[in-house]
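To keep things clear, I will list the structure first and then write my remarks on it.
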Number of protein chains: 2
Amino acid sequence: MTYCVALCLHEGLVFLSDSRTNAGIDHVSTFRKMAVFQNKNDRFFALMSAGNLAITQSVKEILLQGELFNGKNLWTAKNAYEASAVVGEAVRRIQNRDEKIFLKAGIEFNCSFIFGGQVKGEKPRLFQIYSAGNFIESTTETCYFQIGEEKYGKPILDRVVKFHTPLDLATKCVLISMDSTLKSNLSVGLPLDLIVYETDHLETKKMVTLDESNPYFSMIHDVWAEKLRTIILQIPQPEWNTTQAVNSIRKMSKKLGAITVNQKPKSVKKLTKKV
Amino acid sequence: MTYCVALCLHEGLVFLSDSRTNAGIDHVSTFRKMAVFQNKNDRFFALMSAGNLAITQSVKEILLQGELFNGKNLWTAKNAYEASAVVGEAVRRIQNRDEKIFLKAGIEFNCSFIFGGQVKGEKPRLFQIYSAGNFIESTTETCYFQIGEEKYGKPILDRVVKFHTPLDLATKCVLISMDSTLKSNLSVGLPLDLIVYETDHLETKKMVTLDESNPYFSMIHDVWAEKLRTIILQIPQPEWNTTQAVNSIRKMSKKLGAITVNQKPKSVKKLTKKV
């Protein structure tokens, strides 16, 4: 599996991907899931992928080669929307190439992408592209996308990340989101590719591949675990003996009656005698 | 969907279930997923279920009625292992009853259970029972089970809960695990059924159905969100300008080379002229 997450915020974009792939539990490898497309002073794009590696590598390859889709490629698309449509069309081209043989082999056409960046004259934009080549764009209300093993790392994003979250804080959040996923799911693994893109730069120097030896990531890993345990200890214990205390857990919901305690039915004695 | 979690610890057992069911997004209801079976001074069991409600209600019903499975029911099983086998056989009986018509209708026989408790003379024990009626038991190393929407609430359990965690702290943890799940997934909903069982009591008074009006749960909900944001702010920002600082994020992984920045291929200009 895979975990990739990207944010489109007021100050810019953040992209983070893991690098573990597995074809069965005994076939685990490291493959980069991040690609960068740039034309200095004009455009900067990052693409992250999840799903069948044979599909996602082929999609990346034909994008890199500058193949044309409806007369456009990533370097000639007028804006980020057109560029996202180029990625979608690349997915469809690979699907057309492979679908017959996939159907015969019973292989699902399984892939998904996060694509984002900036074209000069526009704001930064972020898209999630599905296996059918269709796509959605992030908004100020829903400013992040995840692909792959997304559930473990979602609660922390839901609680902290908003459109106006500064990039440094957002970077911390995606690394914590990834760290939680790494801890709970073996199919997601280091190293990680991280890109932080600042609005209107049209390039970035904040691009790093990190693993457990990275001072910042290992600090996040240790400090987060320790602080989580500390705050759980700080939260008061449940109070079972009174309904009056602020930490009373006794107050029953009115929406659902009390749990029934089922005693041995009368028939049981009789039934068991027969045995 | 559903989220249920149970812990089997040194001091006893904790069970927590939500109560939302949905058959499609426009058919959302509240159904209890927790059942208690007790014979005072002899045995105490709790059963939680996830999956197709028509299946899980039927399984619960035939267990409540004291039907015999290999000559045993929950009130006559010699120990918790036998009782868990009784639940497994009840699942198989419903499967036998329904499988032909399910096959015809294309319905999956989808159900899973967490079952645990104590029979006098034994320690408390906890089991996860699959739709095939087979089951596994928790251990001191793996002391919790989850069914349903388990991923959102797993990281907090993985970081905090151990076999020797006290019951009050464990109760906090499962409530936080549930709160994270509630926030990130609409198919899991209040009220919640919570049972805390203390070893050798063979009954419990710590049994409550709680919702947003419960002082303890609403405190957990508010305080947890606030403390999470506080500790994220306390963690240092990433330092991009030097590899020397303790919070430097610049140190590259040696396991995977740097991310390639792909520039416009030479062929692109030519190709685009043709268009």
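A short reminder: the numbers here are calculations on the coordinates, not readings from a lab. It should be emphasised that the depicted structure is a prediction, and the values quoted were computed from it without experimental measurement. Cβ: placed from backbone, ideal geometry, glycine included. Neighbour counts: every protein chain shown.
What are the semi-axes of the equivalent ellipsoid of chain A, taken as the square roots of 5 times the eigenvalues of the Cα gyration tensor, listed largest first and rounded to whole Å? Provide the component values of the computation, followed by the final result.
On the way: eigenvalues 379, 149, 69 Å².
Three semi-axes, in Å: 44, 27, 19.
Would you mind giving the average projected area, over all directions, of the Cα convex hull of the range B:213-252 in nm² with one decimal? Intermediate values should be presented prior to the final figure.
Numbers: hull surface 15.0 nm².
Its average projected convex-hull area is 3.7 nm².
Take the Cβ atoms of A:ILE231 and B:ALA245, set R0 to 30 Å, and the FRET efficiency comes out at 0.70.
Stretched out fully, how many nm does the piece from A:ASN41 to A:ILE107 gain, at 0.36 nm a residue minus the Cα gap? Intermediate results must be reported in sequence, preceding the final value.
On the way: separation 66, 0.36 × 66 = 23.76 nm, distance 4.17 nm.
This chain segment gains 19.6 nm when fully extended.
Using the Kirkwood radius over C-alpha pairs as Rh, can you work out the diffusion coefficient of the protein assembly as shown via Stokes-Einstein at 10 °C, viscosity 1.306 mPa s, in µm² per second? D, rounded to a whole number, is 62 µm²/s. Here B:LYS162 is the anchor, and the lysines within straight C-alpha reach of less than 22 Å, apart from those fewer than 8 places off in the same chain, are A:LYS183, A:LYS227, B:LYS123, B:LYS151, B:LYS154, B:LYS172, B:LYS206. Every helix of 4 or more DSSP H residues in chain B counts as -39500 (n - 2.57), and over all residues that averages to -11000 deg cm²/dmol at 222 nm. With its label point defined 7 Å out from Cα along the Cα-to-Cβ axis, A:PHE109 lies at 3.5 nm from the matching points of the other copies, in increasing order. Shielding by partners for peptide A:160-167, expressed as the average number of C-beta atoms from other protein chains within 10 Å of each residue's C-beta, is 1. On a 0 to 90° scale, report how tilted helix A:167-184 is relative to the longest principal axis of chain A, with both axes built from alpha carbons and the result rounded to the nearest 10. For A:167-184 against chain A, the angle is about 60 degrees. From least to most packed, judged by other beta carbons within 10 angstrom and beginning with the fewest, B:VAL261, A:VAL36, B:VAL86 follow the order B:VAL261, A:VAL36, B:VAL86. Looking at the range A:57-128, which chymotrypsin sites (Phe, Trp or Tyr not before Pro) are DSSP coil and have at most 16 other C-beta atoms within 10 Å of their C-beta? In loop regions of the range A:57-128 (DSSP not H, G, I, E or B), the sparsely surrounded chymotrypsin sites (Phe, Trp or Tyr not before Pro) are A:PHE109.
Backbone N atoms of the range B:229-247 closer than 12 Å to the 7 Å Cα→Cβ label point of A:GLU198 belong to residues B:240-241. Cross-link partners for A:LYS255 among the aspartates and glutamates, with Cα-Cα distance under 16 Å and sequence neighbours closer than 8 places in the same chain left out: B:ASP18, B:ASP193, B:ASP211, B:GLU212.
With 10 angstrom as the radius, rank A:SER17, B:SER29 by how many other C-beta atoms surround their C-beta, starting from the fewest.
Numbers: A:SER17 29, B:SER29 11.
Arranged by neighbour count, lowest to highest, A:SER17, B:SER29 become B:SER29, A:SER17.
Within 10 Å of each Cβ of A:33-42, how many other protein chain Cβ atoms are there on average?
Numbers: counts 0, 2, 4, 5, 5, 4, 4, 3, 0, 1.
The shielding value for this peptide is 3.
Put the Cα centre of the range A:88-122 next to the Cα centre of the range B:84-148 and the gap is 40 Å. Taking label points 7 Å from Cα along the Cα-to-Cβ direction, B:VAL261 and A:SER29 give a separation of 2.9 nm.
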